[in-house]
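Asks: For reference, the structure I am asking about is given below.
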Amino acid sequence: MSGRYKELQYWDSRYEEEERGHEWFGSYHDFAHLVRRELRPGTRGLVLGCGTSSLSAELHKEGVRPLVSIDYSPVCIKEMAQRNACVPDMSWMVMDARHLQFPDETFDLVIEKGTLDAMMVDEKDPWRVSQDTITLVDQVLSEVGRVLAPNGCFMSITFSPPHFRARHYAQPQYGWSVSCDTYGRDFHYYFYTMLKGGQLTCLDIERGKSLYKSHVNLEHMPTLLECDDEDFLNNIQI
Ligand SMILES: C[S@@+](CC[C@H](N)C(=O)[O-])C[C@H]1O[C@@H](n2cnc3c(N)ncnc32)[C@H](O)[C@@H]1O
């Protein structure tokens, strides 16, 4: 992903130029089975950073209604609202995923595909995430946790594998469990499912802690020589 993926201006001009929707991380049918297993009658849905993807339309067809789709690009929201003007129980709003303008516990399903990836694109080293990115992602996840109803589900679709991404999700303050599936044929994508009210496993808790351990000042990284216990796994901060 290009560093420009973090800029609103980039997305606005891209959506002005794009003729048809670009689908990130494969088509809905590649991961529909993973969505369906969590759907219940009357699921109220929110799509974060919808872009011009067909994901919202597919969820609506699955019966996720009402369905709200947000993006911080007014250009794509205008286009998607026009394209779907006659579809009932489907709305489109310009909104920043870090500041959701919905009351607590409004949705049973919140889903994002590639939105957090775009927000994290500045990171040079996925092993050592900057405090700015940790804060940015936490703002989104805290908002997701707030607007999810009890037993609600957050789905996150990404190219980022568990050792990099699960530790952001595996924080006890969100009050959800974390699981990960993969899909795709040649290239595998990751499909994370967070269930509000679920428990984190011991591995998840350790992963969650590693997010903060990995945020170190490299100048103060101990060397093996400085460390008498030679605990090299700990030193390399995995
Ligand atoms: C990689 S694209 C993915 C688009 C769409 N979800 C898909 O699967 O095709 C990232 C999207 O996230 C949106 N986005 C980035 N940061 C955002 C933010 N803070 N709040 C809302 N939308 C954001 C961008 O405008 C863009 O539409």
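Asks: Report the FRET efficiency, 1/(1 + (r/R0)^6), for TYR212 and CYS86, where r is their Cβ-Cβ distance and R0 is 30 Å, rounded to 0.05.
Replies: Computed FRET efficiency for TYR212 and CYS86: 0.05.
Asks: While we're here: Over the Cα atoms of region 68-116, what Rg and Dmax result, in angstrom?
Replies: Spelled out, the Cα radius of gyration and Dmax of region 68-116 are 11.4, 30 Å.
Asks: Another question about this same structure. Compute the separation of the alpha-carbon centres of region 140-197 and region 43-86 and state it in Å as a whole number.
Replies: With region 140-197 and region 43-86 each reduced to a Cα centre, they are spaced 20 Å.
Asks: Restricting to Cα atoms and excluding each atom paired with itself, what does the Kirkwood estimate give for the chain in Å? Please list the in-between numbers first.
Replies: Values: mean 1/r = 0.0531 Å⁻¹.
Radius from the Kirkwood sum: 18.8 Å.
Asks: When a/c reaches 1.5 or more, the comparison of a/b and b/c decides; with that in mind, is region 50-132 rounded, prolate or oblate per its Cα gyration tensor?
Replies: On the way: a/c = 2.13, a/b = 1.82, b/c = 1.17.
It is prolate, given that a/c is not under 1.5 and a/b is the larger ratio.
Asks: Measure off 7 Å from each Cα along the Cα-to-Cβ vector at GLU17 and ILE205, then give the distance between these two points in nanometres to one decimal.
Replies: 5.0 nm
Asks: With a Förster radius of 35 Å, plug the Cβ-Cβ distance of ALA32 and LYS124 into 1/(1 + (r/R0)^6) and report the FRET value to the nearest 0.05.
Replies: Plugging the Cβ-Cβ distance into 1/(1 + (r/R0)^6) gives 0.50.
Asks: Another question, if that's okay. Only four residue types carry charge here, +1 at the Cβ of Lys and Arg and -1 at the Cβ of Asp and Glu. Report the dipole size of the chain about the Cα centre in Debye, rounded to the nearest 20.
Replies: Here the size comes out at about 840 debye.
Asks: What is the extension gain from GLN9 to ASP138, computed as 0.36 nm multiplied by their sequence separation minus the C-alpha to C-alpha distance, in nm to one decimal?
Replies: So the chain would gain 44.1 nm between GLN9 and ASP138.
Asks: Sort region 20-87 into rounded, prolate or oblate with this rule: let a ≥ b ≥ c be the square roots of the eigenvalues of the Cα gyration tensor; rounded if a/c is under 1.5, and if a/c is not under 1.5, prolate when a/b is larger than b/c, oblate otherwise.
Replies: In terms of gyration-tensor shape, oblate.
Every number in this text was worked out from the coordinates using simple rules, so none of it is lab data. Since the structure is predicted, the reported quantities are computational estimates derived from the model, not experimental observations. Note: ideal-geometry Cβ built from the backbone for every residue, glycine included; neighbour counts use all protein chains shown.
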